[in-house]
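Every number here is computed from the coordinates shown, using simple stated rules; none is lab data. Source: prediction; values computed, not measured. A quick note on method: Cβ atoms are made from the backbone with ideal geometry, for glycine too, and the neighbour counts reach across all protein chains shown.
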Amino acid sequence: MKMRRGNQMKITKRLLTLLLAAFMVALCFVPSLAVSRQYKNYAVLGDSIPTGYMMPGYQYAGRKKVLWPVVPNSYPTFVAKGVGAKHTYMLAHSGYRTADLRRVLDPDFAGDYFNARRLPKQADAYAVDQEGLEKLRKGVIKYIAKSDLITLQIGANDSFQVIVILFEMLRENQELMAELQAAGALDPEVTTKALEKIALDNETLLRIIEMELASVQGFRNNFDVIIRRIHEINPGAKVVVLGLYNPLEVAKIAGISPAPLIQPLIQGFNDYMAFGSKYSDYYTYCPLKDIENYMGTFQFFANPELPGDVHPTPKGHRQIADQILSVL
């Protein structure tokens, strides 16, 4: 009897072990990036985050280019895989603010002073190239119209544009100083260019102050028009709007999170996208939480051009994809 009971116990344990192992294997093969509905064509709108900036393989494709490359292991690649998309259209461009994307989508929008830093620019003047903009607009509209899934991630550059533009100006001025030193400050053409640059910088600084004061209201106005235009172009598409993530959420200093320092600004943008827009019925809002990024993990100098970079790490891109797919 004891022998039988012992054998039965062993068999039971083995069966339980096999069942547990089978269960674990099944879990491994459950696609965390799969959704019930499949989408054929996926359009990506937004700024540098979806373009895969700071990821291996990222390339700045230029202001006039309609389709930018889809960077391997950036979140759009995981989303596309999860929904079974055959085509992914990368319409996001690094540096875009809501004012830039709105000007691309809305031919009636006059834009602002900083559009010339992001959109096709005239070769001999600080102004948007209207012909280049029109070509860009037609291309973007074409791909929005043929997509059944669209993600929009925009607003980070509206909230942190002062830092971004100041670093851009610093790099430009470093290049100019190198030219001046090489010319010995004796070349009239170089000196004239330097004076013109200083004057432009002064105007830029004044415009930055004005723009930052109006950034929240400007974001709201631009965001609404962007959503309305997407809906007008393709009313049948599934549109997912991504919230802004707080780059300091994943940081801890002496066990304390510094995230509350900038949360009010970020929350203002997110609240509007979540429930403030009059066009909120046209999209699904996807909040982003605890996204791993370079600044939040104290990799302050991962990007030599922009210390304290808040772009997501490779892990952060996977996290964004998972959170998008969770709302589909």
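Look at region 39-51: where a residue is more than 17 Å from I226 (Cβ to Cβ) and a partner is surrounded by fewer than 24 Cβ atoms within 10 Å (Cβ to Cβ) and among the basic types (K, R), sitting 6+ places away or on another chain with Cβ atoms under 6 Å, you get K40/K86; N41/K146. Across region 101-145, the number of residues qualifying as surrounded by 14 or more Cβ atoms within 10 Å (Cβ to Cβ) and not in a helix (DSSP H, G or I) comes to 10.
Within region 241-290, which residues are surrounded by fewer than 20 Cβ atoms within 10 Å (Cβ to Cβ) and aliphatic (A, V, I, L, M)? Within region 241-290, A251, I253, A254, I256, A259, L261, I262, L265, A274 meet the criteria. Can you spot a residue in region 259-266 that is part of a loop (DSSP other than H, G, I, E, B), in contact (Cβ under 8 Å) with a residue 40 or more places away in the chain, farther than 22 Å from S94 by Cα and of a type in the set (V, I, T)? No, region 259-266 has no match at all. Out of the residues in region 48-90 that are polar (S, T, N, Q) and assigned to a helix (DSSP H, G or I), state the one that is farthest from S159 (Cα to Cα). Ranking the qualifying residues of region 48-90, first place goes to T77.
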